[in-house]
Structure formats: C-alpha cells, structure tokens
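The values are calculated or read from the model by the stated rules, or taken from the named source; none is laboratory data. All figures in this text were calculated on a predicted structure; none of them were measured in a lab. Cβ sites come from the backbone with ideal geometry, for glycine too, and all protein chains shown count toward neighbours. Ligands, DNA and RNA are stripped out before the accessible areas are found, and what is left, the full protein with its side chains, is counted by its heavy atoms. Shrake-Rupley method; radii C 1.70, N 1.55, O 1.52, S 1.80 Å.
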Amino acid sequence: MEIARIREVVVVVHDGVVLLDVAGPVQVLHGSGGYRVRLASVDGRPVRTDVGVPLDVELALHQVRHRFDTLLVPGLSLATAQPPPALVAELPRVSGLARRTAAICTGAFLLAAARLLDGRRATTHWAACADLASRFPAVRVRPDALYVRDGPLFTSAGVTAGIDLTLTLVEDDHGPERARTTAKYLVVFLHRPGGQSQFTVRGSTTAAPGSALRRVLDAVAADPAAPHTLATMAAHASVSERHLTRLFRRTVGTTPTRYVEQVRVEAAKTLLEATHDGVARIARACGFGSDDSMRRAFLRGTGITPAEYRQRFRSTHPTPER
C-alpha cells in the first residue's frame, strides 16, 4: 500500500507579521491535509503579529538546512513594509532549499529585497504595488493579479488572496477535487473571479501636491461624471495633450482616458454597494453614456459585470432608493 506523502512547509514569521497572512494559508493547508507546517523565525524566538497576537515558533531559520517542499513568506504591515535585514539575508539560502517559494501580500517586499524577484513577474497588495515597483525596478509588477506564478516563485495580493494562492498550491499538489473540497469547507472561491481592480483605483495613484497632474486627478475625483476629455484635462493642467499623456503614463501607469474610466468605475462601485439605484441611473450619475457602456468598462477593469459586483459587495443595509 502506498503511503501518502507529507509535504513540509516552512512559514517565515517575524515581529509585525500580518496575522491573516499566516492564519489563512495555514488553515488551507491544515484543511486539505498532507502537509506538515512549521513556523520559523530568524532567531527561533516567538514573534508578535501586527495585531499584537503572539505566535510561537518551532525553529530558527539557520536550523533549516535540509530540502523541503514549500517556503511561505507572509507580509508586513503596510504602515511599515520595511523588510527586516536579518530575515532578508537568510531568504536566498532557505528559498534555495525549497521546491517552491510563495509570498503572501507584502511578503513580496521580502523576496524583492532578497533579490529573488529580479526579472520576474510578481504582485502584492494593491496599495503597495506602486511602492514595490518604485523600490525594486527589476521586479515586473502585475498590479491587478490576485496571485502570480513565475517559475518556482509565487506572489499574491492583499491578505485574503493568500488563501487563493494556497488553494492553487493544494490544487497543484493534490488535484482540483481536494482543493475544491477545501475551498467549499472554508466557504471561499476555488478560483475567485476578477482581479485587484475590483477593490480600488485612486488609492494607489500618487502625484505631487500642487502639480499639474495632481490638479487633473483631483478634478476627476471630485466630479467623475464631468466631461473629462483629453482636451479639457490638458487645458485644466495648462499643458499640451501630448505632455499630459506622458505624465499619466509615467506617474499613473495608464492613459488619461483610461484613468477617467477607472475612476468612474470606482464611483459606480460605491453606488452599487450603498444604494438601491438601478444600473442605468448609476451609469448616468457616474458619467457613463449608458448602462451598456458601464458594463463594458466594468468587464475591462474588474472582470465582472456591475450586477455581479453588486451581488458580492453590496451593503446589507443599502441606502433606500431616492
């Protein structure tokens, strides 16, 4: 009789580690079976999570000297996101012993600081994607992905996306049926539709206060339904249309027209979540020419329709229809 293989997983923890980045993936692995999970810190001492909950550990990283299956690297609080130097120094060696390495959320910063993501595609929490790309230009950041696989390295988006990623690891190891059963037990999607753009646009956009670009961004945010053509935006910024397009591509990472569409989609999300208003009324209120135009914009930006978005994210106590 064949004995089931137990795969060893080492989870790297440190002071300030995000609790859900640890708990979510560990719960998936425990629920699926077939894994031995060991928590390790740099010095082998217990750590305190971002919410103050202490975590005991089984070993120090320097004690990991054998081949093992999976290295999991949870993230840090977005308020700090400063990789601990001692941990970063150990990561290349420990990752080299693992069959695969997976970062959860801002754990991508740890892998990037260790130069493990140089030349590779990766993602992280939507609010930190621009920072990751700026601090580590050798990393090919994919801001809309829930998780990214590039060879033996995996990265995932914010917090709960670590569950999505770990279910993918389970599916790779044990097949879709076990992963599906685990997802069903945890009451989560096996393959969640849509990307990170379901959750934000403006929050990840930066521009210097008082700059020409900031004036345009503020104007679009203040009134998404206004006729924000390339010509009107360039006039508002007192620059040429070509120069404004260059500013958008360099700072925002997209075109002016595409940015306006994204902000309108975000404004529509708020109304879909908080009101009973019909899709056609919301489309008009947010500057879309029709509900069909808004539907196409939602599909481009989030991968789901407005109706699907409302079903998933609507408040349980929406504002009554006016």
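Among the residues of segment 230-245, are any in contact with a Pro (Cβ under 9 Å, 6 or more places away or on another chain), within 21 Å of ALA283 (Cβ to Cβ) and open to solvent by 20 Å² or more (accessible area, probe 1.4 Å)?
no
Kindly evaluate ASP144 against the criterion of being modelled with pLDDT of 85 or more and acidic (Asp, Glu). Talk me through it step by step, then tell me what you get.
Values: modelled with pLDDT of 85 or more: no; acidic (Asp, Glu): yes.
Judged against the criteria, ASP144 is not a match.
Of (1) over 15 Å from the mean Cα position of the chain (by Cα); (2) within 20 Å of VAL18 (Cα to Cα); (3) not hydrophobic (A, V, I, L, M, F, W, C), THR106 satisfies all except one. Which?
(1)
Counting only residues that are in a loop (DSSP other than H, G, I, E, B) and not polar (S, T, N, Q), which one in segment 283-302 is most open to solvent (accessible area, probe 1.4 Å)? Show your work before the answer.
To start, the set of residues in segment 283-302 that are in a loop (DSSP other than H, G, I, E, B) comprises 286-290.
Still in the list and also not polar (S, T, N, Q): 286-289.
Working: CYS286: 4, GLY287: 23, PHE288: 19, GLY289: 76 Å².
Across segment 283-302, the extreme among qualifying residues is GLY289.
Go through ALA103, ALA114 for me and flag whichever is in contact with a Leu (Cβ under 7 Å, 6 or more places away or on another chain) and surrounded by fewer than 24 Cβ atoms within 10 Å (Cβ to Cβ). Outline the logic, then answer.
Details: ALA103 fails: surrounded by fewer than 24 Cβ atoms within 10 Å (Cβ to Cβ).
Criteria check complete, one pass: ALA114.
Could you check SER77 against (1) open to solvent by 30 Å² or more (accessible area, probe 1.4 Å); (2) at positive phi and say which number it fails?
(2)
Kindly establish whether VAL18 is crowded, with 17+ Cβ neighbours inside 10 Å, under 18 Å from GLY162 (Cα atoms) and modelled with pLDDT under 95.
Numbers: crowded, with 17+ Cβ neighbours inside 10 Å: yes; under 18 Å from GLY162 (Cα atoms): yes; modelled with pLDDT under 95: yes.
The answer is yes for VAL18.
Considering only segment 117-164, how many residues are open to solvent by 20 Å² or more (accessible area, probe 1.4 Å), closer than 22 Å to PRO84 by Cβ and either in contact (Cβ under 8 Å) with a residue 40 or more places away in the chain or assigned to a helix (DSSP H, G or I) (or both)?
The number of residues fulfilling the criteria is 7.
Report, ordered by the first and then the second residue, all pairs with beta carbons closer than 9 Å, sequence separation of six or more or different chains, a first member in segment 253-282 that is open to solvent by less than 50 Å² (accessible area, probe 1.4 Å) and in a helix (DSSP H, G or I), and a second member that is modelled with pLDDT under 90 and among the acidic types (Asp, Glu).
LEU271/ASP277
Mind counting the residues in segment 152-183 that are in contact with a Pro (Cβ under 6 Å, 6 or more places away or on another chain) and basic (Lys, Arg)?
So the answer is 0.
Within segment 1-15, how many residues turn out to be modelled with pLDDT of 95 or more and more than 19 Å from LEU110 (Cα to Cα)?
Taking segment 1-15 first, the residues modelled with pLDDT of 95 or more are 7-13.
If we keep only those that are more than 19 Å from LEU110 (Cα to Cα) too, we end up with 7-8.
Matching residues across segment 1-15 total 2.
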